Amino acid sequence: MADEIMHQDIVPLCAEDIEVQLRKKFAFLSGGRGKDGCPVITFPEYSTFSEIPENDFQNVLTYLTNIPSSQDAGIGFILVIDRRQDKWSSVQASVLRIATSFPGNLQLVLVLRPTGFLHRTLFDIAFKFHRDDYKMKLPIIMLSSLAELNSYIDRTQLTEDLGGTLDYCHNRWLTHRTAIESFARMVKQTAQTLRSFGAELAETELPNDVESTSCLLTAHTENKVKMKEDLRIAVEQGHDILHSIKKPVLENPEYKMNPDQVENQVTVERLLAQLDETSTAFDDFWSKHQQKLEQCLQLRHFELDFKEVKSDLETVFERLTHFTEMGNSCSHVEHILKELTNLEDKSQDVLEKARMLISTGDQFIQNNHYAVDSIFPKCSELQQHCDMISAQTNKIRALLNHSFELHSRLEKSMRWCDEGIYLLASQLVDKCQTQDGAESALQEIEKFLDTGGENKLKELNNLYKEYEAILSEELMEHIQKVFQKQESMEEMFKKRQVSLKKLAAKQTRPVQPVAPRPEVSLKSPCPSPGLQRDSEDPSSPDNHMIQRTNFRRAKSEMNEIHQTRGGSMMDDEENLAVLRKHVINELLETERAYVEELLCVLEGYAAEMDNPLMAHLISPGLQNKKDVLFGNMEEIYHFHNRIFLRELENYIEYPELVGRCFLERMEDFQIYEKYCQNKPRSESLWRHFSDSVFFQECQRKLDHKLSLDSYLLKPVQRITKYQLLLKEMLKYSKNCEGAEDLQEALTSILGILKAVNDSMHQIAITGYDGNMNELGKLLMQGSFNVWTDHKKGHSKVKDLARFKPMQRHLFLHEKAILFCKKREENGEGYEKAPSYSYKHSLNMTSVGITENVKGDAKKFEIWYNAREEVYIIQAPTPEVKATWVNAIRKVLTSQLQACRQASQHRILEHTHSLPLPASFNTSPSRNDGRNIRKQEERNSDFVSPDGCVTSVTSKYPEKGKDASSVLTWNRAKWVSTSYLLLAAQRRQGWSKASQSVDASEENDGWSSAEDPFNSSDAEEEGKGEKKLIPGKYTAVANYDKGDSEDLVLKSGDLVQLIHEGEDGLWYIKNLSTSREGWVPVNSLLALLGNSKSALSLNSSESVAGSSTLSSSSSYSESCTVSSTSVSDVKG
């Protein structure tokens, strides 16, 4: 029945559709059966039976005949028509209507006729006459009583109103029928929905990306859950209906259901079974579909991970291919090996991801994934990449280890050679002159050569063959150089052995009795007559023979001594070359270590501050403070790693030229000034957060024994280390080609250190309202005692100022001097560094200086606006004073030159009709200007023999000076400074002894004798023959000839004249080389030229320097001379 309900093409009538008609109960199916099992349809008494619409009547009959099974309906129906209370006319109409409208097969029609006598009689008569009118297929049986009805249908199959015992409730029957039919429709609809959903799932194409696949799986899962919910509701409803049908039995076990009730129960149970079968089939289908979708999602994830991991593996392999360099030293190879290890450590995550992905792919294959053909090749490809990376890493490491082994052998050989050279250098020639000394030296050499088996290189071809895999042209060249050095060193040892063996085997000369003869000086093979003895006759032939023999012997010994000295000089040069090599090696090794340390800090600390995984460890106060903590360390690292280190490596074979590398990159070293200026802020930040968990974790990862602050100090330590290394290199390279570059590089590095130090003090100045950049370059800074003396001040204040000095820190700029008060700060580290409170400043255009103050060699004066304000400055030492005076003098000189050029230009414009003499040319060429500046610098930086700076006397006469001095000073003020300088420079040969510091203090002004216009006597003195006196001079030419072969002079060497001998010879000493000898006076005059002894000073230079300082000191006054006419100057 359930199948018929679900599969009928024509939609049958449902109780729900004709519920109203069924509730009228003009016909019902009680569930009773006839004796042969025919279903019984009862037509109870219904007063308005004739008024029932035909459509409703037909629908009810059709519905009732469709309820029994097709088997029972095929037997035929028994109709029980109860008309006991009706009339004949109604009975006739009812029977006729039922007979003509019944849609099913009829087995028997039982009619309970009216019980009234009159109606029964009329019924019987009318029935006899109208029997044929009913046209019934089966006979209609008229029953008079219920007892007769029982003879056709058992009482148990009849309802109570027909005298039977069948339990029938029309409302209950109608409810059951409605529920069963609704349940049947639900089951049918659910089955159709599941079939449609299954067909949709089966036809769905699998997406090609993770997102679409995930969305599809989610959508299908949601639909599946909805389907399962509908199934659950349907099953629950079916069980409720079944429970309702079984309720009478459950309440009364003796209750016996009628066939229709049993049929309803069976129908519901069949529907429930069909639902269960449908649900099971759907679950199986969904399980397969879900598995496919999940496998599809797994495949898409696998493909996505495969692309990412493959790209990472290719990147790692590409980085490995860049490891083509095999290194040029052990430290370089170690550096490359460290980089390879770092890359290997970083690539472990990628390799681990690849292995996990391969394992995942294998698991998919074992689980019978539908895309095995796609997964397996990808797993194989990943495995191949991993194997290639491992093989390439092992290959590179093997080559680098091979390279390290080779460089170790090369460096071992180099060290052995250096030790050999050290050994040769340590064997003093004087000690080897004896037989015992020679034998001892031979034993040392033989003992050293015995160590060559494990240190020196063997055959070159075998070495090439052994290390063929890593050899390059540069490396082969390096091997050849080492091998050549080894051979050269061995050759030196052989020569030394030969010499020592000769000395060891040399016999003592027999003593021959000879006549007494005079001693012959080795320094002068041709002695002067004054050295001969009076008792000997120089004209005697025997004496001539003896002298000739002595001369030859002396010459031979001289030659032997020169050869020994030449060999010693060669050994000394080799010694210096080894020392230079050690210095350049130390420079390179420390530079590489420095770069590594910077990189370690940047990667291990700075980069970790941007790492999201470490963000929770960073204190709030450290957020966005990376630039404060590390400054421009990254800029410093890139400079050293990319530029400076690589350029330094180019000088490994020419260490004496390394100064050029520093000079070429000197401007780049300015980045250290920025780093040092930020250092106080960095250290303050570190001190507040040094206990941070973040720093501790970074230090643990890096396995550093020292904390971060030690590494933040590295740049400061490094910039100071350079000057030490340059000093060492310069010490061993004095006679080399690059000595001047080394000296200049050292000076520049020291200048940078000074600028860095000065800038650290400058940034601590507080209270200055102006822009310090407008003051020009900071030249000097330091602390002094300062007394003030102002003309406009109260006399008591002036007297008090003389006894109570102020502590002031002075900052000398190109355009101003700043006076500040130093204030010590409380705190630690850089917070304890002092600050400087600005007090006042002096414009350099109005500044003058007095270099010497009576009573104290450490004092000098700075005066302002023609001595309206005078500041007496006391330096800590005379050397500091001299340095400051020279610096101020240079500033004033440069200002004077600028003003002088402007003044000369204006004078020429006003006096163009009166041309000046050629010697007074006011437009000197650039070379002339450079020469004048150099002359002024020499004058200003002149050093006395005792090492103190000799200052030029002050221009201002003190009180008590004679009138001529004042007159000369006033006269000089009116003379153009350029004219005065040029006039002074024209007067050559005017000499005057230099004044000492004490003398200058006694005569702190210009005397009339110092007036360059009254120095005619000096010109006459300069015309006489030049007389040499003992003292120190500077050579202006080279000297390397004559009998003094051991004495060599070069231009620029400092020479000391010791004493004058006979026959025009001077005994001198080269202070640069510490060698002594005799030189003829004529050669000496040409050699020294016009150079002056350190004990005397050319008066013209002194006057020029004095006039320069006079003009510099009264800078504002000298600028007003431009309007002075030439006639005024002449007068």
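The values are calculated or read from the model by the stated rules, or taken from the named source; none is laboratory data. Computed from a predicted model, the values in this text were never measured in an experiment. Heads up, the Cβs are rebuilt from the backbone with ideal geometry, glycines too, and the neighbour counts pull from every protein chain shown. Side chains are part of the model used for accessible areas, which takes the heavy atoms of the whole protein and leaves out ligands, DNA and RNA. Shrake-Rupley method; radii C 1.70, N 1.55, O 1.52, S 1.80 Å.
For residue 78, the criteria (1) open to solvent by less than 20 Å² (accessible area, probe 1.4 Å); (2) at pLDDT 80 or above; (3) within 20 Å of residue 47 (Cα to Cα); (4) not charged (D, E, K, R) hold in every case but one, which is (3). It is to be established whether one or more residues within segment 259-274 are exposed (fewer than 14 other Cβ atoms within 10 Å of the Cβ) and either charged (D, E, K, R) or at pLDDT 85 or above (or both). Among the residues of segment 259-274, at least one is exposed (fewer than 14 other Cβ atoms within 10 Å of the Cβ) and either charged (D, E, K, R) or at pLDDT 85 or above (or both), which makes the answer yes.
Condition check ((1) open to solvent by 30 Å² or more (accessible area, probe 1.4 Å); (2) charged (D, E, K, R); (3) at pLDDT below 75) across all residues:
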{"site": "561", "(1), (2), (3)": "yes, no, yes"}
{"site": "565", "(1), (2), (3)": "yes, yes, yes"}
{"site": "570", "(1), (2), (3)": "yes, no, yes"}
{"site": "579", "(1), (2), (3)": "yes, no, no"}
{"site": "583", "(1), (2), (3)": "no, no, no"}
{"site": "596", "(1), (2), (3)": "yes, yes, no"}
{"site": "611", "(1), (2), (3)": "yes, no, no"}
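Reported count of residues in segment 200-210, each being surrounded by 12 or more Cβ atoms within 10 Å (Cβ to Cβ) and either among the acidic types (Asp, Glu) or not in a loop (DSSP other than H, G, I, E, B) (or both), is 2. Quick check on residue 525: is it touching an Asp or Glu at 6+ places or on another chain (Cβ under 7 Å) and either modelled with pLDDT under 80 or not in a helix (DSSP H, G or I) (or both)? Spelling it out, residue 525 is indeed touching an Asp or Glu at 6+ places or on another chain (Cβ under 7 Å) and either modelled with pLDDT under 80 or not in a helix (DSSP H, G or I) (or both). Criterion first (modelled with pLDDT under 90, among the basic types (Lys, Arg) and open to solvent by 70 Å² or more (accessible area, probe 1.4 Å)) does residue 727 satisfy it? Spelling it out, it is not the case that residue 727 is modelled with pLDDT under 90, among the basic types (Lys, Arg) and open to solvent by 70 Å² or more (accessible area, probe 1.4 Å).
Scanning segment 644-664 for residues that are within 22 Å of the chain's Cα centre (by Cα) and over 13 Å from residue 584 (Cα atoms) gives 644, 646. For segment 463-480, which positions are surrounded by 12 or more Cβ atoms within 10 Å (Cβ to Cβ) and of a type in the set (A, V, I, L, M)? Scanning segment 463-480 gives 463, 470, 471, 475, 476, 479. The lone criterion from (1) more than 30 Å from residue 586 (Cα to Cα); (2) not in a helix (DSSP H, G or I) left unmet by residue 355 is number (2). Residue count for segment 726-772, restricted to those that are farther than 15 Å from residue 666 by Cβ, hydrophobic (A, V, I, L, M, F, W, C), within 32 Å of the chain's Cα centre (by Cα) and assigned to a helix (DSSP H, G or I): 1.
Just so you know, in segment 211-258 the residues that are surrounded by fewer than 17 Cβ atoms within 10 Å (Cβ to Cβ) and of a type in the set (A, V, I, L, M) include one that is farthest from residue 304 (Cα to Cα), and it is 257.
Selection of helices (runs of 4 or more DSSP H) fully inside segment 600-654 by the criterion of at least 1 residues being without any contact (Cβ under 8 Å) to a residue 24 or more places away in the chain and closer than 16 Å to residue 689 by Cβ returns 626-630. Pairing residues of segment 380-391 that are over 13 Å from residue 316 (Cβ atoms) with residues that are surrounded by 15 or more Cβ atoms within 10 Å (Cβ to Cβ), at Cβ distances under 6 Å and at least 6 apart in sequence or on separate chains, gives 383/358.
The numbered conditions (1) closer than 30 Å to residue 617 by Cβ; (2) among the aromatic types (Phe, Trp, Tyr); (3) open to solvent by less than 30 Å² (accessible area, probe 1.4 Å) are all true for residue 669 except (1).
Condition check ((1) modelled with pLDDT of 90 or more; (2) more than 30 Å from residue 687 (Cα to Cα); (3) assigned to a strand (DSSP E or B)) across all residues:
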position	(1), (2), (3)
782	yes, no, yes
809	yes, no, yes
812	yes, yes, yes
820	yes, no, yes
825	no, no, no
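Table: residues versus (1) open to solvent by 50 Å² or more (accessible area, probe 1.4 Å); (2) more than 19 Å from residue 237 (Cβ to Cβ); (3) in contact with a helix residue (DSSP H, G or I) (Cβ under 6 Å, 6 or more places away or on another chain); (4) not in a helix (DSSP H, G or I).
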| site | (1), (2), (3), (4) |
| --- | --- |
| 278 | no, no, yes, no |
| 282 | no, no, yes, no |
| 285 | yes, yes, yes, no |
| 292 | yes, yes, no, no |
| 302 | no, yes, no, no |
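Listed by first and then second residue, the pairs linking a residue in segment 656-668 that is at positive phi to a residue that is open to solvent by 10 Å² or more (accessible area, probe 1.4 Å), with Cβ atoms under 8 Å apart and 6 or more places separating them unless they lie on different chains, form an empty list.
For residue 673, the test of being assigned to a helix (DSSP H, G or I) and modelled with pLDDT under 90 is passed. Scanning segment 335-379 for residues that are in contact with a Gly (Cβ under 8 Å, 6 or more places away or on another chain) and either open to solvent by 40 Å² or more (accessible area, probe 1.4 Å) or touching a residue at least 24 places away in the same chain (Cβ under 8 Å) (or both) yields 335, 336, 375, 376, 378. Taken together, 846, 837, 841 contain a single residue that is hydroxyl-bearing (Ser, Thr, Tyr), modelled with pLDDT of 85 or more, over 22 Å from residue 777 (Cβ atoms) and over 37 Å from the mean Cα position of the chain (by Cα), which is 837.
Taking the conditions (1) over 22 Å from the mean Cα position of the chain (by Cα); (2) part of a helix (DSSP H, G or I) in turn, residue 682 satisfies each one other than (1).
Selection of segment 81-112 for residues being part of a loop (DSSP other than H, G, I, E, B) and at pLDDT 80 or above yields 83, 84, 102, 103, 104, 105. Among residues of segment 455-475 that are over 19 Å from residue 325 (Cα atoms), those with a Cβ under 6 angstrom from a residue that is open to solvent by 70 Å² or more (accessible area, probe 1.4 Å), sequence gap 6+ or separate chain, pair up as 455/412.
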